[in-house]
Structures are given as C-alpha cells and as structure tokens.
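K.L.:
Before we start, here is the structure in question, set down as structure tokens.
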Amino acid sequence: MKKWMKGLLSAITISSLGGGLLSCSDPKGEQVQPLPLGRADLNETRMTRQVTPGVTYTRIERGAQSSQDVYTVDVAFKAHRGEADSLAARLQADGYEVRVETVSKRAPDDPGSGPIGYLVRSGSFSTSVEVNALRDRLAASGYTGLRAIYTGEDGAETMGPWVVHVLEIDPSSFRGTVAPELGTGLIPERETLTSLSGRKGSLAAINGGYFVIGSTDGTPGDMAGISVLGGNLVSEAVDGRTSLILPPGSGKGADIAAISDSVTATSSDGATRLVDGLNRRPGLIRACGGEGGDKPVEVPKHDFTCTDDSELILFTSVFGASSDSGTGVEAVLDASGVVTELRQSRGGTIPSNGSVLAGTGDAAEWLRAHAQPGVTIHVAIQISAEGASLPAGAGVVNGGPRLLGAAVPHITAYAEGFVHPDNAEFYYRFGIRRNPRTLAGITREGKLLLVAVDGRQPDYSVGASFEESALIMQALGAEEAVNLDGGGSTAVTVGSELLTRPSDATGERPLGDAIVILP
C-alpha cells in the first residue's frame with residue numbers, strides 16, 4: 001500500500017449513465033461534483049485521506065488515454081496564414097506530409113479578435129518513438145524549432161487521462177500553520193519540495209510561485225514576482241499580478257488579490273529615490289512589471305527578462321552572507337538605517353541586523369551623493385492588495401493569472417502578461433495547451449484549496465489549460481482561485497512522500513519557494 005493511502009477516509013467511483021455531469025455523495029454525505037474535464041461520460045475515482053485534523057488529501061483520477069489523440073511534429077507556429085501556407089508548400093516539396101491548423105482561441109481578456117496563429121504540423125503516430133524519428137528527419141532536412149508533441153495536450157476535447165491532487169485545509173479545525181517557505185531558506189539557489197518538506201517537518205506541502213532558474217535571467221532562486229515572509233517583503237512585485245495571501249496561522253483569512261508595491265529610499269538630506277528591487281541581481285527583472293526605466297516594457301511579461309542598467313537594489317539577510325557582486329556602489333545600513341560604510345564595488349557582507357543598498361548607473365551616483373557614512377536612509381515599503389493592506393505578519397506567494405472571481409471563471413491572462421503581443425505562440429503554449437498546473441483557491445466557507453494537476457505524460461495525465469484549471473477549481477468549490485507556478489515545478493508532498501509525478505526528464509525540480517503545512 002502506498003503511504004498516501006494510509007488513513008484512507010473514502011474511496012469514490014463516479015460513472016456516467018449517459019446523461020450530463022453527475023454528482024454524488026461521499027461517505028460523509030457531502031455532494032461531490034465530477035471534474036468538468038473531457039466528455040461527461042468519463043469515469044472518475046477519488047481517494048481521500050486525513051493528513052491531520054482539518055487537512056485532507058484527495059487524489060482524483062479521471063478518464064483514459066484516447067486512441068483519437070496522436071503524436072505529431074509542430075514544425076512551426078506562424079502568425080499569418082500566408083506564412084504557414086508557404087512553409088507547408090516547402091514541406092510538401094520535400095516529400096513530407098503536412099497540414100495547417102488554425103489556432104482560434106484567445107485569452108478571455110484579450111481585446112484582439114480572429115485567430116492568433118497557424119500551426120504547421122507533420123505526421124500522425126501512435127508512439128513517441130515514431131514521432132521523434134520524424135522530428136530527426138526534418139532536422140536533417142534543415143528545419144529548425146521542431147517540437148514533438150501529443151495532441152491530447154492541445155487544449156481541444158480529449159478523454160484524458162487526468163490525475164489531480166487536492167490538499168484541503170479547514171482553518172476551523174486545523175490547529176497548525178500554513179505559510180510560504182523559501183527553498184534553502186535563502187533567496188539564492190533552490191531546493192526540491194521533498195528536501196524542503198523534510199527540512200521543515202511539514203505535514204504536507206505544494207510548490208509555490210514563479211522563480212528565476214538560470215543566471216542569465218537574474219539570481220537563481222529569486223522569486224519572479226512578490227514574496228512576503230512573516231510580513232517582510234523579500235522580493236518585489238510584478239505589479240498587478242494576482243497572488244495568494246496567507247495570514248499567519250491556520251489559513252484563516254487567506255485571500256487572492258492582485259498586488260502592487262512601492263519601495264523608496266529617502267536620505268536624511270531630503271533626497272528620495274525609487275528602490276527598483278530586493279534581493280536580486282541589479283539590471284535583470286524577471287517577468288518585468290516594474291518601474292524606473294525597465295526595458296523593453298514596464299508591464300508584466302511572463303517568462304521574459306527586462307533590463308535596466310540603473311537600479312537601486314535592497315539586500316537583506318535573507319539573501320545570505322553577501323550581496324550580489326559586480327560594478328557599482330553599495331551603502332551598508334545598520335538596523336536604524338544609518339550608513340556605516342560606502343563601498344565602491346558591489347558584493348560585500350550583509351549585516352545580520354541591517355541591510356545593503358546596492359546601486360548601478362545613476363543609482364550608484366545617487367548613493368555617492370546621498371548615502372555617505374553617517375547619513376540615515378529610510379526605506380519605505382508599501383504593499384497594496386487591490387487597495388487594501390496586507391494582514392500583519394502575512395506571507396505572500398506570487399502567481400498569475402487569476403482564474404476565478406466570485407465563483408465564476410475570470411482569467412486575466414492578457415492583463416497579467418501571459419499574452420505577448422509580439423509573440424502569439426507564447427499564450428498558445430502556456431495557456432491554451434495543457435500543462436502541469438499548481439492552483440490555489442478559497443471556498444465560500446473559507447477553506448483553502450491547494451491543487452496540483454500532473455501533466456505532459458500522455459498515458460498518465462495530460463495536464464490542464466488555463467480554462468480547465470478554472471473549471472477544476474470551480475468544481476472543487478472555490479470562489480476565488482489563482483494559477484501558481486506549474487510545469488516541471490508542480491509538486492505535492494504528504495509527509496516525506498512525493499505524490500505528484502515530475503514532468504521534467506531530470507526528475508523533481510528544485511524550487512524557489514513552497515507552501516508548507518506545519519503541525
């Protein structure tokens with residue numbers, strides 16, 4: 001018996017008798033709404049166990065692999081039909097079977113109209129071995145940017161399969177703590193969920209927000225959006241992005257809101273300057289959404305790195321022993337904000353009871369002019385959650401886009417930077433196609449739902465689109481819901497056991513942060 005099945009409370013099989021979606025009661029008499037994934041007549045099984053009083057884990061399996069879905073090669077995604085037809089003609093001339101498929105679906109809040117693009121595809125196979133062989137032949141013929149894909153992940157109707165993991169926390173009976181936790185306990189670098197869970201002794205855990213992976217995009221492990229731990233801002237917001245707010249304690253009062261922040265440094269000589277970010281490499285802004293001259297945009301742009309050669313960055317002890325090294329200037333502040341040292345390069349020690357302000361470009365000149373030793377620098381931080389302040393001591397996990405509002409689908413993908421006006425393919429790959437997903441929601445009764453959908457594994461689980469993710473959360477009873485980091489990051493543990501199946505070929509992915517459920 002798998003560890004997660006110990007303490008099993010209920011096992012339910014839901015089958016259709018040929019009509020619409022059914023609902024049935026679990027052993028406690030509570031209504032169970034089948035997940036609205038695929039056809040209404042798909043079988044669904046659920047197994048629920050109690051993790052601790054007030055916390056349950058449910059595993060939902062739905063559907064089965066369809067013989068109608070195939071493996072094919074995406075040769076290219078083209079924005080214009082003429083470009084797609086021209087490439088298709090070239091493929092035909094080279095002896096390849098080819099078809100052009102229209103991608104009509106847009107993000108629900110996208111103001112544009114008409115198709116977003118055209119897929120040029122070749123081949124139709126029942127196995128990944130065959131499609132990989134075609135991909136290799138196409139590459140040998142000079143075609144580039146090839147993807148071997150499974151059509152069951154396209155976002156159109158399929159029979160599945162799906163595997164969904166649900167952690168439900170009822171603050172009225174749970175006596176522990178739900179809170180965000182950084183991988184390794186520090187901003188730099190990352191940690192797998194199983195390692196983090198073991199280190200914290202968590203009852204259960206799920207991966208959290210978006211984060212930097214490669215050094216070309218910033219500081220690996222830095223959150224690509226807001227992070228607040230115990231009321232302290234440790235990573236700046238991608239302004240306007242929807243995030244999960246966790247007040248201290250059992251999850252009571254958890255909220256989902258679009259968050260923005262403002263951080264300024266004011267010298268005792270009266271000079272004030274914007275602080276561009278916290279605890280990251282100056283000049284690289286993952287997911288954009290900042291201010292102060294970021295290029296090419298200051299609005300959110302997901303999985304994209306904006307740049308700014310003049311930045312003022314605040315480093316605190318959560319970054320580790322030393323600030324990020326490089327050219328520029330940094331002022332060392334004691335606990336009262338008094339400048340104790342002005343360094344002529346970056347990368348020095350961060351005092352455990354103080355901070356470091358590091359500047360590049362004109363921010364370095366600002367420090368030289370206004371942060372000489374003996375001067376006091378006051379750093380002011382304001383965080384707004386749709387006009388409201390955060391609860392005292394709260395934690396925040398970044399996410400996006402919003403999925404549900406007032407118990408109905410409300411997907412703000414365009415507004416939150418998941419639609420790239422200069423690259424229509426991005427939203428198709430990220431939001432329309434099925435991927436592993438991690439989701440958070442809050443029910444009318446105030447219960448917190450932390451949900452993971454396995455994906456990218458055709459014979460096990462195909463994943464979910466943004467729209468399907470919203471419908472999953474709605475069916476589970478959420479009134480508000482947000483998408484968190486997914487893909488290879490999606491992970492759930494109960495105790496020390498990893499219950500999700502990693503989609504990365506390398507196995508479990510090290511994370512920037514996670515949401516931990518502690519005794």
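K.L.:
Give the Kirkwood hydrodynamic radius (Å, one decimal) of the stretch 30-98, defined as one over the mean of 1/r across all pairs of different Cα atoms.
P.N.:
One over the average 1/r among Cα pairs gives 17.0 Å for the stretch 30-98.
K.L.:
In the stretch 225-264, what percent of the accessible surface is made up of carbon and sulfur (1.4 Å probe, ligands and nucleic acids excluded)?
P.N.:
For the stretch 225-264, the apolar C and S fraction of the accessible surface comes to 48 percent.
K.L.:
Holding the Cα-Cα limit at 32 Å, pick out from Lys200/Lys295; Lys78/Lys447; Lys295/Lys447; Lys78/Lys295; Lys200/Lys252 the pairs that are longer than that.
P.N.:
From Lys200/Lys295; Lys78/Lys447; Lys295/Lys447; Lys78/Lys295; Lys200/Lys252, over 32 Å: Lys200/Lys295; Lys78/Lys447; Lys295/Lys447.
K.L.:
Say R0 is 35 Å: what FRET efficiency, to the nearest 0.05, do Thr266 and Asp504 get from their beta-carbon distance?
P.N.:
Numbers: r = 45 Å, r/R0 = 1.28.
After rounding, the FRET efficiency stands at 0.20.
K.L.:
In a shell of Cβ-Cβ distance under 14 Å around Ser195, excluding Ser195 itself, what net charge do Lys and Arg (+1) and Asp and Glu (-1) give?
P.N.:
Its environment carries a net charge of -2.
K.L.:
On to the next question. Could you tell me the extents of the stretch 256-367's C-alpha atoms along the three principal axes, largest first, rounded to whole Å?
P.N.:
38, 32, 30
K.L.:
Same structure again: For His378, tell me the accessible area in Å² from a 1.4 Å probe, rounded to the nearest 10.
P.N.:
Approximately 110 Å² for this residue.
K.L.:
A follow-up question, please. How high is the relative contact order of the chain, in percent, counting Cα pairs under 8 Å that sit 6 or more residues apart?
P.N.:
19
K.L.:
Sort Ser310, Ser141 by accessible area with a 1.4 Å probe, largest first.
P.N.:
Working: Ser310 20, Ser141 55 Å².
Putting Ser310, Ser141 in descending order of accessible area: Ser141, Ser310.
K.L.:
Over the stretch 269-400, calculate the relative contact order: mean separation of alpha carbon pairs under 8 Å at least 6 apart, over the residue count, as a percent.
P.N.:
Worked out over the stretch 269-400, it gives 21 percent.
K.L.:
Charges only on Cβ, +1 for Lys and Arg, -1 for Asp and Glu: so what's the dipole of the stretch 194-278 about the Cα centre, in debye to the nearest 20?
P.N.:
440
K.L.:
To continue, here is another question. Which shape class, rounded, prolate or oblate, goes with the stretch 423-519 when its Cα gyration tensor gives a ≥ b ≥ c as root eigenvalues, a/c under 1.5 marks rounded, and past that a/b bigger than b/c marks prolate?
P.N.:
oblate
K.L.:
Separate question: Could you tell me which residue out of Pro351, Ser336, Gly201 lies farthest along the dipole of the chain toward its positive end? Charges go on the beta carbon: Lys and Arg +1, Asp and Glu -1, centred on the Cα centre.
P.N.:
Gly201
K.L.:
I'd like the distance separating the alpha-carbon centroids of the stretch 340-356 and the stretch 300-319, in whole Å.
P.N.:
Computed from Cα coordinates, the inter-centre distance equals 18 Å.
K.L.:
Do the sum for the chain: with -39,500 (n - 2.57) for every DSSP H run of n ≥ 4, divided by all residues, what is the mean residue ellipticity at 222 nm, to the nearest 500 deg cm²/dmol?
P.N.:
Values: 6 runs with 57 residues, N = 519.
Roughly -3000 deg cm²/dmol at 222 nm, from the helical runs in the chain.
K.L.:
Let me see the pair-distance distribution of the chain: every alpha carbon pair, 10 Å bin width, integer percents in order.
P.N.:
Going out from 0 Å in 10 Å bins, the chain shows 4, 18, 27, 24, 16, 8, 2, 0 percent.
K.L.:
To continue, here is another question. What does the convex hull of the Cα atoms of the stretch 99-189 come to per residue, in Å³, rounded to a whole number?
P.N.:
277
K.L.:
Between Asp85 and Ser126, what is the label-to-label distance in nm when each label sits 7 Å out along the Cα-to-Cβ direction?
P.N.:
So the two model labels end up 3.6 nm from each other.
K.L.:
In debye to the nearest 20, how big a dipole does the chain give about its Cα centre with +1 on each Lys and Arg Cβ and -1 on each Asp and Glu Cβ?
P.N.:
So the magnitude is around 1280 debye.
K.L.:
Please say if the stretch 398-472 is rounded, prolate or oblate, where rounded means a/c under 1.5 for a ≥ b ≥ c the square roots of the C-alpha gyration tensor eigenvalues, and otherwise the choice is prolate for a/b larger than b/c and oblate otherwise?
P.N.:
The shape class here is oblate.
K.L.:
Sorted by average packing, counted as other Cβ atoms within 10 angstrom per residue and highest first, what order do 68-81, 191-204, 336-349 take?
P.N.:
Details: 68-81: 18.9, 191-204: 20.6, 336-349: 15.4.
Top of the packing list down: 191-204, 68-81, 336-349.
K.L.:
Take the alpha carbon gyration tensor of the stretch 204-301, find the square roots of its eigenvalues, order them as a ≥ b ≥ c, and report rounded if a/c is under 1.5; if not, report prolate when a/b exceeds b/c, else oblate.
P.N.:
Since a/c reaches 1.5 but b/c is at least a/b, the shape of the stretch 204-301 is classed as oblate.
K.L.:
With a length cut of 15 Å (Cα positions projected on each helix's long axis) and a Kyte-Doolittle mean of at least 0.0, go through the chain and give me the DSSP H helices that pass.
P.N.:
Length and hydropathy pass: 128-140.
K.L.:
Excluding ligands, DNA and RNA, what is the solvent-accessible area per residue of the stretch 468-519 at a probe of 1.4 Å, expressed in Å²?
P.N.:
Using a 1.4 Å probe on heavy atoms only, each residue of the stretch 468-519 averages 28 Å².
K.L.:
Give the accessible surface of the stretch 339-422 per residue, rounded to a whole number of Å², with probe radius 1.4 Å and ligands, DNA and RNA excluded.
P.N.:
For the stretch 339-422, the per-residue accessible area is 42 Å².
K.L.:
In the stretch 383-519, what percent of the accessible surface is made up of carbon and sulfur (1.4 Å probe, ligands and nucleic acids excluded)?
P.N.:
Heavy-atom surface of the stretch 383-519 belonging to carbon and sulfur, 1.4 Å probe: 51 percent.
K.L.:
I'd like the accessible area for His410: 1.4 Å probe, protein heavy atoms, all chains in place, Å² to the nearest 10.
P.N.:
90
K.L.:
Also: Relative to the present Cα-Cα distance, how much length would full extension add between Arg147 and Ala40 at 0.36 nm per residue of separation?
P.N.:
Full extension of this stretch gives 35.4 nm more.
K.L.:
Give me the accessible area per residue for the stretch 185-226, probe 1.4 Å, as a whole number in Å².
P.N.:
On the way: 1230 Å² over 42 residues.
Ligands and nucleic acids excluded, the figure is 29 Å² per residue.
The values are calculated or read from the model by the stated rules, or taken from the named source; none is laboratory data. None of the values given here were measured: they were computed from a predicted structure. With ideal geometry, Cβ positions are generated from the backbone for all residues, glycine too; neighbour counts draw on all protein chains shown. SASA here: full protein model, heavy atoms, side chains in, ligands and nucleic acids out. Shrake-Rupley method; radii C 1.70, N 1.55, O 1.52, S 1.80 Å.
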